[in-house]
Amino acid sequence: MQRAFFVILLASLIISKRVTAQEAPLSKKARENYEKAQKAWQGRQLPEAIALFEKVLEQEPKSYDTHLRLGQIYELQKNRDLTKKHYSAAVQLKPASPQSAAAFHWLGRYHFDSERYDSAQVYLEKSFALFPVKSSLSRLTEKLIASSKFAQNAIKNPLSIQKISLGDTINFLHTQYFPVATADDETLIFTGLTENRDENIYISHRKQSGWDVPEEISKAINTTNNEGTCSVSADGRTLVFTACNREDGYGSCDLYISRKEGKEWSAPLNLGQTVNSRDWESQPSLSADGHTLYFASDRKGGLGKRDIWVTTMDQKKQWTEPKNLGAAINSADDENAPFIHANGRTLFYASNGFPGMGGLDIFMSQQMDTVWSQSGNIGYPINTVADQVGLFIASDGQKAYYTDDNSDKKSGRSLIYTFKLPETIKERIVPARYAKGKVFDKKTAAPLSTDIDLYDLKTQQKVGAFTSDSKDGSFLTVLNNGGEYAFYVSKAGYLFKSLTFSVSDTTSYVNLDIPLEPIEKDRVEVLNNIFFKTGEYNLDEKSKVELKKMADFLTDNKTVQIEISGHTDDVGSDSENMELSRRRAQSVQQYLQQSGIAAERILAKGYGETKPVAPNDSQENRQKNRRIEWRIR
């Protein structure tokens, strides 16, 4: 992209400019050929102009203007070898001439693209000294000098990585890119370009021996038009992707959303004119919970050409007006391919607007509160002189998937690779854990679609809200805040379920299969998030969330009557335990009555240590026995 931009810019500048007067009189014959060559050049008769300029050099091999003009012509024809030959001759003849600035620049870029960054710096610095101050080419040259310096240092201090191709099973097309995965790293989704230049989305599932053969994700999503550069929520059930030139589109390319129930994807919906403009929107990245969306766009109000923008889903499940991520992320040039890690605060994206290895490099930024840190190039050899886009970091922060256009130069293929993250990057990424499982009817084992609320027990704040799949009851959610969590699972016609669990640094996920009890006589559930101090019966503040859930359940089910029962372990005397359990049950009863639940609907009883659910032979088992239960009467 940067190379094409440079050629177009430089060519348009040079074509419109007349070459300076000859540095010394030419012989009569050489002057005649030069004038004829100039006319052919002005008439865009390039083959004739080349032949005549070459004749001039046969007669006057040190004609600076002729070498310069031939360099310009061969540059337009993209003949790198002959461009280099004539520009090199020109700058040797007149290194201090302002007309040599563009030649020095081209030679600098030539060496830069060939990864000879030290030579590139030399030529570019000579070019910079000759260009008019603050001109567009002066600014471009200054940026390339900074990139040359960066690249030399990056190569001296490479990251320790080993790129491994995902193999011919995944890389089954000439071009595949933008890989994304679910939080459990069991499903891989990517974009592929067919021989007919049709862009489609493909999906593969992990099996014991590796990745399964990719399939088109869905006939509901892929069409004869282009669909690609997608993003998926952590649970793999919400897909946002790019589609171009659709009848319901607002611009050249728009963002669409599809949701999965069981194995079927819904018909895609355009995200609407709040997100999609008359311009180009593409390359989405969805947060783990599916409520925040980052994307690239060249819409009005940006800082450069293509910028990174963000929109969030409000309480009405509508996308808000997108916001530009600002100068810490965006430059005057191109930014695209954002990826927000499952932790919700580490952003990776591609840019050619900051010092780098060449082309599009991958950069990284961290969000602190609402502010993004100044982005930094993640280094070599993740970034190379080729374009690097579509980086995806697994939720546990251990490995990455990305597209590399530089590793298969001979065939020109674009392949998907994976590598283990080096420590210098891994230590900057807070890993995300996840919980997964299924919700089902305890009596019939039928899968259930339920509402699930996730709370951080340390703060008592809700940190997630999601549903289990209506077809198979499955769910998956990312755990980013704190180490102790409360789950609340609810569905009409069932007792709500509360669970408590913690996630340590050594645990990447928690597996939770959740049976729900139907509302029937004598069905029992435990209130797992009711807290008392040792030996006391006054409710801890941390119990309020659970008690509100209990009150809401009873409000929604007005005919239900319950018994609240208190239980203890075997520490202490029988009479003390009986009294303590009774008072704790009464504390819950009183809270519910104060919440508007009629007294006759709630019976409080204490059972002391008489009904243990586990032997009182360990701290863990004693904790299970210290509990508050509720039973349908």
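Only the coordinates and a few stated rules stand behind these numbers; no lab work does. As the structure is a computational prediction, the values presented were derived from the model and not from experiment. FYI the Cβ positions are ideal-geometry reconstructions off the backbone, even for glycines, and counts take in every protein chain you see.
Worth pointing out:
- Using all pairs of distinct alpha-carbon atoms, the Kirkwood hydrodynamic radius of region 32-139 works out to 14.2 angstrom.
- FRET E, pair residue 39, residue 136, Förster distance 30 Å, beta-carbon r, rounded to 0.05: 0.50
- With the convex hull of its Cα atoms as the shape, region 172-426 has an orientation-averaged projected area of 13.6 nm².
- With each label modelled as a point 7 angstrom along the Cα→C-beta vector, the residue 153-residue 186 pair spans 4.5 nm.
- Cβ-derived FRET efficiency at R0 25 Å, residue 470 paired with residue 595, nearest 0.05: 0.20
- Normalised radius of gyration (Cα atoms, divided by 2.2 N^0.38 Å) for the chain: 1.30.
- Packing around the peptides 72-83, 346-357, 563-574, taken as the average count of other Cβ atoms within 10 Å per residue, puts them in this order, highest first: 346-357, 563-574, 72-83.
- Residue 220/residue 426 FRET efficiency (R0 35 Å; Cβ-Cβ; nearest 0.05): 0.40
- Under 17 Å from a label point set 7 Å out along the Cα-to-Cβ vector of residue 267, the amide N atoms of region 211-245 belong to 218-225.
- Cβ crowding within 10 Å averaged over residues, with 131-142, 173-184 ranked highest first: 173-184, 131-142
- Rh (Kirkwood; distinct C-alpha pairs) - region 366-458, Å: 17.3
- If the segment from residue 312 to residue 541 were pulled out straight at 0.36 nm per residue, it would be longer than the present Cα-Cα gap by 79.3 nm.
- Sequence ranges 605-614, 157-166, 581-590, ranked by mean other-Cβ count within 10 angstrom, highest first: 581-590, 605-614, 157-166
- Spin-label pair residue 513-residue 119: with each label point 7 Å from Cα along the Cα-Cβ axis, the two points sit 6.5 nm from one another.
- Residue 610-residue 163 pseudo-label distance in nm [points 7 Å out on the Cα-to-Cβ vector]: 7.2
- Candidates 578, 217, 535 compared by Cα position along the dipole of the chain: farthest toward the positive end lies 217, with charges placed on Cβ.
- Most simply put, the chain has about 90% antiparallel DSSP beta bridges, counting only bridges with both residues inside it.
- Computed extension length for residue 368-residue 206: 54.9 nm, one decimal, from 0.36 nm per residue of separation with the Cα-Cα distance subtracted.
- Across region 233-368, the volume of the C-alpha convex hull divided among the residues equals 119 Å³ per residue.
- Counting only cysteine Cβ atoms and a cutoff under 4.7 Å, the chain contains unmatched residues 230.
- Dimensions of region 478-633 along the principal axes, based on C-alpha atoms and rounded to the nearest Å, stand at 48, 41, 27, largest first.
- Alpha-carbon spread of region 148-188, three principal axes, descending order, Å: 39, 27, 16
- Dmax and Rg, reported as Rg then Dmax, of region 72-192 (C-alpha, Å): 20.2, 63
- Quotient of the Cα radius of gyration of region 432-518 and 2.2 N^0.38 Å, N being its number of residues: 1.05.
- Globularity index of region 582-622, i.e. its alpha-carbon radius of gyration over 2.2 N^0.38 Å: 1.55
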